Every structure is written in C-alpha cells, then in structure tokens.
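> Take this structure first; my questions come after.
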Amino acid sequence: MESSELKQKTLNGMIWMFLERIGAQAVTFFVSLILARILLPEDYGIIAIAQIFINLANIFVVDGLNSALIQKSNVSTLEYSTAFFTNLIFAIVLYVVIFIISPFISSFYGNTLLTPILRTLALRIPIGALNAIQRAYVSKNLLFKKFFFSTLIGTILSAFVGIAFAIGGLGAWALVAQYLTNSIVDTIVLWVTISWHPTLEFSYDKLCQLIGFGSKVFAASLFNEIYLELRSLIIGKKYGSSDLAYYNRGKQFPQLFYTNIVSAMTSVIFPVMSLRNDDENGLKRGLKLSIETSSYVLFPIMFGLAIIAKPLVILLLTEKWIECVPYLQIYCLCYAILPIQSIIEQLYKAMGHADTLIKLFFIEKTIGILIILVSMFYGVWAIALGMLFTSIICTVFHLLPLKKIIGFTIIDLIKCIFKPFVISMIMIMIVFMIQLVKLPILISLILQCFVGGIIYLVMSIALKSEALVFIIDTVNVRRDIRLLSTVKRMILR
C-alpha cells in the first residue's frame with residue numbers, strides 16, 4: 001500500500017473510530033440516565049459484581065491472540081482461523097467454569113440472585129469469542145467503519161430492550177438483557193458486514209507463534225484488569241452491592257470526560273513526540289505545552305463538575321443516587337491529575353524508554369495495592385481517596401526520570417499547571433456563589449455553566465494563556481475562524 005493511500009486510510013479509520021466511540025458513549029450515557037432513574041442502586045451493584053468476573057474472563061478471550069494478530073505483519077487465513085477456534089474453545093471452557101463456581105461466588109457475596117445473573121450474563125464470553133477475531137481483522141485492516149455500524153446498532157437496539165425490561169419491573173435483569181442484546185447484535189452485524197469468516201483449519205505451530213506474540217500483552221492486561229477490579233471486589237464484599245453501585249456511578253461522570261479528551265490528545269501527542277525524539281529541547285517544550293493544554297481543558301471541567309455534583313445528580317439521577325456525590329467529587333480530582341501521567345508515558349514511548357514504562361507500571365500497581373489494603377478498613381470513601389493519593393504519588397514517580405532525560409522537574413510541572421489551576425479556582429468560586437442563590441435546579445445549573453465558561457475565557461485572555469492560543473491555532477489550521485483569531489489577538493496584545 002502506498003504512503004498516501006495508507007495515510008488516507010488511517011485518517012478515515014481515525015474518523016470512524018472517533019464517531020464510533022462518541023456515538024456509542026453518547027447513547028450509552030443517556031440510556032444509563034433513564035435506567036438509573038427507574039432501577040435501584042442494588043440492581044446496578046449486583047451487575048457490577050457479576051461484571052468483575054466476566055471482565056477478567058474476557059481478558060483470556062480478547063487480549064491475547066487478538067493483539068498478536070494485530071501486531072503480526074502478515075497474517076494468513078490459517079492463522080485467523082486458528083485464533084478463532086482457540087478463542088471459542090477457551091471461551092466455552094471459561095463459561096462452564098463460571099457456571100459451576102457461580103453459586104460459590106453468590107454465597108461469598110451473600111446474594112442468591114447473583115447465581116442466575118452471573119450464569120446468564122457470562123454468555124457474553126462465548127458470544128464475544130465469536131466476534132473477537134473479526135474485531136482483530138477490522139483493526140488490522142483499518143476497517144473502523146464496520147465497528148461504527150455494529151457498535152451503534154447494538155447500542156441502540158439494546159437500549160430499547162433494557163428500557164422495556166426496566167419499565168416492566170424486572171430490575172437487574174433489565175441490565176442483563178441490555179448487555180446480552182448488545183453483544184448478540186454487535187456480533188451478528190460484524191459477521192454480516194465483514195468479508196472474512198473462519199474456515200475449518202487449524203495449526204498448532206501457528207498457535208504457538210501467536211501465543212509467543214501475544215503472551216506479554218495478555219500477562220500485562222490480566223495483571224492490570226485484576227488491579228482495576230480489586231476495589232470493586234473489596235467494596236462489593238465488605239460494603240455491599242448498593243455501595244458498589246454508588247461508587248461506580250460517581251466514577252462514571254468524570255471518567256466519561258477523561259476517557260474521550262485524553263484518548264484524543266494522546267493519539268496526537270505520541271506521533272508528534274516521536275518526530276522529535278532526538279531533540280531534547282523540542283521534547284521539553286512539547287511536554288510543557290501538552291500538560292498545560294490538557295490541564296487547561298480538564299481542570300475547569302473536573303473542578304466545575306465537582307462543585308455542581310449534588311444538584312447535577314439530583315436532576316439527572318434523582319435523590320436516590322445522592323450517595324454517589326462524594327465519589328464523583330473525589331474522582332473529579334483524580335481524573336484532573338491522571339492526564340499528566342498519560343502524557344509523560346507518551347513521551348517515554350516516543351523516546352523508546354520501554355524499561356522506564358515497565359518500572360513505572362509495577363511501581364504504580366504496588367503503591368495502589370498497598371493503599372487499597374490500608375484504606376479498605378475505613379470505608380468506601382477512603383478507598384476512593386486512596387485512588388486520589390495513588391494518582392498524586394505515581395505522578396511524582398513519573399516525573400523523576402524526566403529530570404535526567406530532558407531536564408523537566410516538578411517545578412516545571414507546577415509552572416505548567418499554575419495558570420489553568422488559578423483560572424479554574426476563580427471560576428469555581430464564582431460558580432459556587434451562584435449555587436447559593438435559591439433558583440430551580442435546571443436554571444441554576446445552566447447559569448453556573450454559562451457564567452463559569454465566560455469567567456474562564458475572560459481570565460484566560462487576561463492571564464495570556466498559551467494553551468488557549470495553541471487550541472485556537474489547532475482549530476484554525478483548516479479554516480480561519482474570525483472570532484477565534486480575535487481572541488488570539490487579545491491574548492497576544
């Protein structure tokens with residue numbers, strides 16, 4: 001494939017991948033608001049516990065051979081078919097294991113409803129195995145348009161099913177029906193739209209080669225998934241399904257903004273930094289600008305969301321979810337810090353410091369596990385705060401090697417985040433004062449968002465924010481927007 005053709009195909013793939021992510025998440029978010037108003041927190045908590053074990057099982061099906069197929073330069077039909085049948089057999093075995101042990105899991109968590117729910121929801125594992133290799137084929141050939149349609153159709157149809165079951169008073173089973181429908185429709189659409197289908201052939205030698213390719217990715221993914229699910233495992237056992245539901249719901253709002261904004265930024269940062277990997281000064285300037293820009297975008301969103309958390313939850317989810325507010329506020333602070341780690345990791349990748357990344361990975365997980373083991377005895381809020389402390393400590397560890405590599409220190413970091421932090425603090429103080437005025441919740445929230453946005457923009461111009469100039473230049477690359485150009489001139493005056 002020629003360079004220009006590859007670039008065009010890559011660009012088209014990125015556009016469709018972005019549309020798939022935004023479309024599916026938008027539908028999922030709005031449907032989750034509807035379901036959360038109908039269902040009880042306990043319903044979500046039971047599903048969250050079941051999903052822990054399904055997520056762990058899915059690592060065996062999704063993250064091993066799939067990664068190997070994507071990484072491998074020339075993949076034959078034999079290799080695709082070998083991976084497909086291996087995944088399917090493994091998925092069936094995993095389902096049987098979960099089916100057998102589900103009563104013990106149910107007994108461990110003290111909830112008899114968990115057995116039938118886990119056995120039913122675990123059907124997603126073999127269903128997922130049926131489309132796992134299709135997904136690898138799509139990624140390998142940059143056919144992300146297929147993802148867009150399969151994901152969106154599955155998300156929309158499953159939304160109707162979930163809402164219908166919830167209105168029918170089926171409780172947690174509404175979520176089971178939604179998730180299963182999504183998996184089934186997604187699989188059917190991919191099988192219909194993708195040209196590749198497995199053939200009845202298998203090679204043990206090819207399987208060994210693929211395992212060699214994907215074993216490290218699988219091991220890292222499994223370890224990371226266990227770490228990510230550890231908090232949920234502990235909360236579900238020690239504090240109950242309702243508390244787990246509040247915890248997960250509080251994390252959902254800030255995570256939505258973080259995932260989309262940071263993934264968009266890191267997809268750009270890594271290629272740009274890779275081009276400068278032999279220019280230390282250029283890398284340092286790029287790192288400073290990346291951190292300042294991400295802070296400029298995320299600080300007002302996260303700090304503002306923390307301030308309006310209570311009225312927002314009451315408006316969107318009703319008062320039965322009010323207990324998720326403290327977790328929402330804690331995770332807003334957490335997700336304001338985490339982008340710094342992501343950006344620094346992109347720099348290490350661009351410079352080829354894989355050994356540094358591996359060390360940081362194990363340091364982060366070790367610190368995180370120790371903090372979890374201590375905080376678990378003091379309540380769910382302490383576990384959430386532990387995540388915040390882990391983020392702060394690990395950010396410092398991420399910074400330490402940078403002083404030697406490109407001369408970037410903690411003082412440089414403070415300078416990068418100082419302006420966005422100051423502007424955000426001024427903004428949230430004014431937003432908080434508006435909140436004290438007795439107004440209907442919806443009008444108050446609209447007013448707070450509008451005034452907060454205006455204050456943030458005015459203060460950015462007054463303090464001559466370099467991040468805002470960079471954002472304007474980025475937006476104006478394709479087309480010069482007069483209003484943005486005027487704002488830029490005001491900053492540079």
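> Here are 347, 338, 315: which of them is under 29 Å from residue 459 (Cα atoms) and either modelled with pLDDT under 90 or not small (Gly, Ala, Ser) (or both)?
Exactly one residue qualifies, and that residue is 338.
> Still on this structure, please answer the following. Quick one: count up the residues across the stretch 175-224 that are loosely packed, with under 15 Cβ neighbours inside 10 Å and among the basic types (Lys, Arg).
So the count comes out to 1.
> Let me ask another. Which condition from (1) closer than 20 Å to residue 292 by Cβ; (2) not in a loop (DSSP other than H, G, I, E, B) is the one that residue 408 breaks?
With (1) closer than 20 Å to residue 292 by Cβ; (2) not in a loop (DSSP other than H, G, I, E, B) applied to residue 408, the lone miss is (2).
> A follow-up question, please. Any residue in the stretch 143-157 that is modelled with pLDDT under 90, farther than 22 Å from residue 57 by Cβ and either outside any helix (DSSP H, G or I) or not assigned by TED's automatic domain parsing to the domain that holds residue 100 (or both)?
Yes, the conditions are met somewhere in the stretch 143-157.
> Residues in the stretch 337-370 that are under 12 Å from residue 394 (Cα atoms), of a type in the set (Ser, Thr, Tyr) and in contact with a helix residue (DSSP H, G or I) (Cβ under 8 Å, 6 or more places away or on another chain): how many?
The total comes to 1.
> I'd like the full set of residues that are farther than 22 Å from residue 344 by Cα, of a type in the set (A, V, I, L, M, F, W, C) and touching a residue at least 24 places away in the same chain (Cβ under 8 Å), limited to the stretch 370-400.
372, 376, 380, 381, 383, 384, 385 - these are the residues of the stretch 370-400 that are farther than 22 Å from residue 344 by Cα, of a type in the set (A, V, I, L, M, F, W, C) and touching a residue at least 24 places away in the same chain (Cβ under 8 Å).
> Under 6 Å between Cβ atoms, at least 6 apart or on separate chains: pull out the pairs that start in the stretch 401-428 with a residue that is within 23 Å of residue 300 (Cβ to Cβ) and end on any residue that is surrounded by 15 or more Cβ atoms within 10 Å (Cβ to Cβ) and of a type in the set (D, E, K, R).
Pairs found: 416/288; 416/292.
> Could you tell me whether the stretch 473-480 includes any residue that is outside any loop (DSSP other than H, G, I, E, B), within 30 Å of residue 318 (Cβ to Cβ) and modelled with pLDDT under 90?
Within the stretch 473-480, none of the residues are outside any loop (DSSP other than H, G, I, E, B), within 30 Å of residue 318 (Cβ to Cβ) and modelled with pLDDT under 90.
The values are calculated or read from the model by the stated rules, or taken from the named source; none is laboratory data. Predicted model, so just to flag it, every value in this text is computed and none were measured. No Cβ is skipped: glycine too gets one built from the backbone with ideal geometry, and neighbour counts run over all protein chains shown.
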